[in-house]
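For reference, the structure discussed in these notes is given below.
The values are calculated or read from the model by the stated rules, or taken from the named source; none is laboratory data. These numbers come from a predicted model, not from an experiment. Note: ideal-geometry Cβ built from the backbone for every residue, glycine included; neighbour counts use all protein chains shown. Quick note on the areas: whole protein, heavy atoms, side chains included, nothing else; ligands and nucleic acids left out. Shrake-Rupley method; radii C 1.70, N 1.55, O 1.52, S 1.80 Å.
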Amino acid sequence: MSNGELNQEQVYQIARGGIKKLIERNNNANGKDPQTLSMLLEQISKTPLYVAVQKGSDVKNAKSINFITLTIGGQVFIPVFTGPEDFGKLKDSCDFVCMHPMDYFQVLISKDRYAVINPFGSYFLMWPELIREHMLPYMQECEEFKKKNEGQLPQ
């Protein structure tokens, strides 16, 4: 890695910080700023985040992971985090795994589950329809664009 280039983990770390700022901005606008929401959904769709799992979970197979859940107002959520500083009171009671969105999105929509990013601070809720109707199509478009233009884009 020469010329001051960032490695992929450094890029993801910067993106996670951006997600936190976009969540705050979205919350300050009461979710009524479509540009902020669009940027937030885009960043969440392409940035690996941390999920809380039961201690000792087999994390090699995303479909068999035992996610920790939180119940808020009768609704069950899978907590997702932008970084270790956001783990809050779960920090010592479970393990954390960094997962690509496609992996945990599939679990959320297949089990009709809700998620909350950074539940102990400025948070963002995700529900199955949001993922199905907005985030997965965005990810699919990006993948199709990448395949279509493979070898044509400058490195």
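Once fully extended, how much extra length lies between Asn66 and Lys91, figured as 0.36 nm per residue of separation less the alpha-carbon to alpha-carbon distance?
7.4 nm
Please compute the contact order of the chain in relative form: average sequence separation of alpha-carbon pairs under 8 Å and at least six residues apart, divided by the residue count, as a percent.
About 22 percent, as a whole number.
Going by average Cβ neighbours within 10 Å, how do the peptides 107-114, 4-11 rank, with the highest at the top?
Highest-to-lowest ranking by the protection proxy: 107-114, 4-11.
At a 10 angstrom cut-off on C-beta neighbours, averaged per residue, how do the peptides 98-104, 43-49, 85-91 rank from highest to lowest?
43-49, 98-104, 85-91
For Asp33, enumerate residues with amide H under 5 Å from its amide H, sequence gap 5+ or separate chain, H modeled in the peptide plane.
So Asp33 has HN proximity to no qualifying residue.
When the accessible area of segment 67-155 is computed with all protein chains present and a 1.4 Å probe, what percentage of it is carbon and sulfur?
Answer for segment 67-155: carbon and sulfur cover 51 percent of the accessible area.
With a 10 Å cut-off between alpha carbons and a GNM built on the chain, which of Ala115, Ala52, Ala29 moves the most?
Ala29
Going by accessible area, probe 1.4 Å, with all protein chains left in place, what is the ranking of Ile23, Ile14, largest first?
The ordering from most to least exposed comes out as Ile14, Ile23.
Based solely on its DSSP helices, what 222 nm [θ] is calculated for the chain when runs of n ≥ 4 H residues each add -39,500 (n - 2.57) and the sum is averaged over all residues, nearest 500 deg cm²/dmol?
After summing the helix terms and dividing by the residues of the chain, the value is -12000 deg cm²/dmol.
How tilted is helix 8-28 with respect to the longest principal axis of the chain? Cα atoms for both, answer in degrees (0 to 90, nearest 10).
60
By how many degrees, 0 to 90 and rounded to 10, does the Cα axis of helix 136-148 deviate from the longest principal axis of the chain?
That works out to roughly 20 degrees.
For segment 1-113, what number of Lys pairs, 8 or more residues apart or on separate chains, have alpha-carbon atoms under 24 Å from each other?
The number of close lysine pairs in segment 1-113 is 20.
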